[in-house]
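No value in this document is a laboratory result; all are computed from the given coordinates. In this text the structure is predicted, and so the values were computed from the model without any measurement. Quick reminder, even Gly has a Cβ in these numbers, built from the backbone with ideal geometry, and neighbours come from all protein chains shown.
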């Protein structure tokens, strides 16, 4: 009985040692499990942060796309306004060219009229000069006639005196 009891105690000790070893292994496994759970939680948090960053980027991209669209529309509007202004400038340039041609024609007409006026003035001056010369000649002849008449009167008086 004593030896059976001793054998039983040995078995119990062996079983207790095995149990303690199993408990230690279990504890080690629990540690590994806890570490893995911590890593997993950290990875989940990192994943959530990345998802938020990605969502924020997507929002920023959408805003940028909208801004680009607005700018493109604005640019198209500016281009349209530029084209309209260019067409108006072209029309104004054509009108200017037409006005310049009209001015040129008017200037040529004015020059021609001025030349005709100058010719007429020259002709009038020539006529006036001819009239002045004729007047001078008439005055000279009148003076000569007057002198001759005076001489004749004097002779007539002398003859009358002699006749008495």
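Couple of notes before you dig in:
- Between 77, 59, 150, the GNM of the chain built on Cα springs shorter than 10 angstrom shows 150 fluctuating the most.
- Full-stretch length increase - residue 43, residue 147 - with 0.36 nm per residue and alpha-carbon distance subtracted: 22.5 nm
- Simple spin-label estimate for residue 120 and residue 89 in nanometres, 7 Å along Cα-Cβ: 4.7 nm
- Inter-centroid distance (Cα atoms) of region 77-108 relative to region 139-164, Å: 87 Å
- Computed over region 109-164, the convex hull of the alpha-carbon atoms projects to a mean area of 3.7 nm².
- Note that the chain, at 25 °C in a medium of 0.890 mPa s, gets a Stokes-Einstein diffusion coefficient of 76 µm²/s from its Kirkwood radius over C-alpha pairs.
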